[in-house]
Amino acid sequence: MDFLTLFAIYVVVVLTCIVLVCKYSGQQQTPFSILFNSVVKVVAPFTPKWLQKLSQWTLHRLFHQRDMDTTLTSLSVPYILLAIKTFFFYLCIKRDPGTVTKKKVAGQLHIYPYDRRLFHPGVSCPTCQLVKPARSKHCRVCNRCVQRFDHHCVWVNNCIGAQNTRYFLLYLVSVCAMAGDIALLTADMLLHAVLRSGLLTASYIDEYGQQQPAGPLFVVQHLFLTFPRIVFMLGFLVFVFFLLAGYALFHSYLALVNQTANEWYKSRGYVCQHCHPTATADHLTAPDHSKRHYYSRGLLRNLGEIFFPPHPVQKKDN
């Protein structure tokens, strides 16, 4: 998405939050509180007491307010998601993406058939001096060939390949969940702050000496003046959430159709006009060449290949 699209989404989300403030004024139950109560029921048994106290102290220092409707367990959810995100981030860094080596290349050649469109048999890597298995690519940053190469991620300073794609997907999902949870938590706090202050039922004297009800613009002005850093943080979190969510959805789509980012980029605008009527023994189980997603085996098998990647076939010595 370009900048104008992201900015438009940001404006829509901000306006939606303002509408929710006006619509649910004076009500005990709000969509935010209902969502948080559902999350709390799930994570409550796993939340330590010290983490709940830390969240309460942080909230008090952030809002300079003692009485907040948000529970301590819901405040600890971002910390739990942070630990999960850090765990998958570590796996993305340390896990070998599926390096093509002299010992493994014989078995890696039999994992995927060559589609003869993007990948052709008999092609060697001039740097590694090895025959390139189907769906592999040489990474110039890591200086190695990677099995089922997706892309080189600068976030984790590692290639994303056959053996760590699942960790990368889970890392993206956990990052989005953390950003979304903090954004919802912040919006819920601002909403309850407005409801508790009674601004929506208050009135003020205008420059003509007449009494006017406090409308949405007055509420927004009050939030910007009272919690300027919190409001700007909410806007930034919403922007980051949609940015990361779009990226995560793109890679989730690639996982569902069993396609890598490298293959998607190379096949953009490509229309198959030459189907191969003949097939060797290695291609008997492969999909038809006329299909757009050559390596797709169905939804469940595609996901199974991501989370349980095939390993190189090792031949037994007789």
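Dividing the alpha-carbon Rg of the stretch 133-255 by 2.2 N^0.38 Å yields what?
On the way: Rg = 23.5 Å, N = 123, 2.2 N^0.38 = 13.7 Å.
Compactness ratio reported: 1.71.
Express the C-alpha Rg of the stretch 224-263 as a ratio against the empirical globular expectation 2.2 N^0.38 Å, rounded to two decimals.
Here the Cα radius of gyration is 1.81 times the empirical estimate.
Using the 10 angstrom Cβ neighbour count as an exposure proxy, how do M178, M233 rank, fewest first?
Numbers: M178 23, M233 15.
By the 10 Å Cβ count, ascending: M233, M178.
Past 25 Å, Cα to Cα: identify those pairs from K102/K266; K103/K266; K94/K266; K85/K132; K103/K137, in the order given.
Details: K102/K266 27 Å; K103/K266 29 Å; K94/K266 28 Å; K85/K132 33 Å; K103/K137 17 Å.
Going by Cα-Cα distance, K102/K266; K103/K266; K94/K266; K85/K132 fall outside the 25 Å limit.
Tell me the net charge near N164. Cut-off is 14 Å between Cβ atoms, N164 excluded, with +1 for each Lys or Arg and -1 for each Asp or Glu. Don't skip to the end; give the middle numbers.
On the way: positive: K94, R95, R144, R148, R166; negative: D96, D150, E305.
Neighbour charge sum, excluding N164 itself: +2.
FYI, it's all coordinate maths here, none of it is from the lab. Bear in mind that the values here come from a model prediction, so they are computed numbers and not experimental data. Cβ sites come from the backbone with ideal geometry, for glycine too, and all protein chains shown count toward neighbours.
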